[in-house]
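For reference, the structure is listed below as structure tokens.
The values are calculated or read from the model by the stated rules, or taken from the named source; none is laboratory data. What you are looking at is a predicted structure, and each value in this text was computed from that prediction instead of being measured. Note that we place each Cβ from the backbone using ideal geometry, even for glycine, and neighbour counts take in every protein chain shown.
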Amino acid sequence: MTFVDRSVVVPAEWQARSTWDGEHGEVVTGPIAGAALTDFTDVLTKFGYDPELVEIVGKVNQWRKERPDGTWLTSYFFGVQSKRDSIDLPALYAAASKRPARPFNTVPAPRTCVPVIADVQAGKTASRGGTPELVDRLAEKRDKLTVELKRRKPEEVFLPDVGDLIENFQSGGNPMFTNDLSLTQQLDLAATEIYKFVELAARFGPVTVATVPSNHGAWRQGKQNLGRASDDFGVFVHKQVEKHARAAGIDAAWVFAPEYDEANVVNVRGTRIGLVHGNQFSPGGAIKWWAGQQHGGQPVGSADVLLTGHYHHLSVLPSGRNPYTGRSKWWLQAPTLDNGSDWFRNTAGDDSDPGLLLFDVTDDGFDLQSLTVL
């Protein structure tokens, strides 16, 4: 192979040159005398490329010129790139099979179980019944929770209530005609049920209870809220249960939101769990609201897990990442425990099954694998 530089007039675009950006490049050989090339190893070497590291990619184009003696000159143009590391799959699998298997830890890690109470709405009657059906449903959930707590063997239990503990009479619609309990009866039933949950949880270790204000629990006249955020019937119920639990010697402590706040944050094994009912944002707006809380420096913005209710169906969604732990943040919307929302079913055509959301927190954070609905 003979490189010819000045024997003929070569168009500028076919004169010898080379460009390279570290990964890709282009080569124009300039006119080469002799038979057409099929092996460009020497050409790559001439232009300073190592054929072991660089390869031709794409189509090789040509400019040809016949000389008076009948021989031909050819200039070649082609792209080059760094060779991709080839992957020998059989060799990889063979090597992987020789690695010693990592032993699985069959001993459960120390954990805190988190059963989430959401939207009990005591006193409400709907397509799933009234107070008798609600009492039966909550008793059934506690039976299932007992089985799970025995199986999981937690060191402690965190019991969050994300609101709407009672139906109330100022919650929209016509609850004054559909409720089967008076306001005082609703409070009595709600307190009894919360006490039963706390009493059950305390059989498995120390209990931390938390709650937040909500739209059905709010002290209000029609759509107008009265008083502070803490002037909430659900919060009031928890404060009464706290007194009775203390008198009964139950190992339980309550965490309440500041009196003007609608959100609450509790540290569980180093994982910050935030609670807010969910009426603060429109459907699907939890993540945007949560991000705004972080931007505004609000306590719930620092949460690793955000628990909400209000929308009566289960949602599980990762969102963002804790920059200090590297772990993903999670939004968990809990399913409802109430007797159904026929207004929503008739309006939107949608309905969801009641359930008690349960998950664990270990020293490594929120345990997604542990999440279930009872």
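General observations
- Considering the conditions (1) under 19 Å from Pro335 (Cβ atoms); (2) modelled with pLDDT under 95, Pro175 is excluded by exactly one of them, (1).
- Residue count for the range 38-47, restricted to those that are part of a loop (DSSP other than H, G, I, E, B) and either at pLDDT below 90 or hydrophobic (A, V, I, L, M, F, W, C) (or both): 3
- Conditions (1) modelled with pLDDT under 95; (2) farther than 22 Å from Leu314 by Cβ; (3) of a type in the set (Asp, Glu): number failed by Glu199: (1)
- When residues in the range 12-37 are screened for being more than 12 Å from Phe77 (Cβ to Cβ), part of a loop (DSSP other than H, G, I, E, B) and not charged (D, E, K, R), 5 of them pass.
- Answer residue from the range 225-284, given it is farther than 29 Å from Pro110 by Cα and among the charged types (D, E, K, R) and is surrounded by the fewest Cβ atoms within 10 Å (Cβ to Cβ) among those: Lys243
- Any chance Arg246 is in a strand (DSSP E or B) and among the basic types (Lys, Arg): no
- When the criteria are applied in full, Ile287 fails the requirement of being in contact (Cβ under 8 Å) with a residue 40 or more places away in the chain, surrounded by 16 or more Cβ atoms within 10 Å (Cβ to Cβ), part of a loop (DSSP other than H, G, I, E, B) and among the hydrophobic types (A, V, I, L, M, F, W, C).
- Taking the criterion of being more than 12 Å from Gly123 (Cβ to Cβ) and either of a type in the set (Val, Ile, Thr) or surrounded by fewer than 18 Cβ atoms within 10 Å (Cβ to Cβ) (or both), the residues of the range 172-194 that qualify are Gly172, Gly173, Asn174, Phe177, Thr192, Ile194.
- Meets criteria (part of a loop (DSSP other than H, G, I, E, B), at pLDDT below 90 and at negative phi) for Ala91: no
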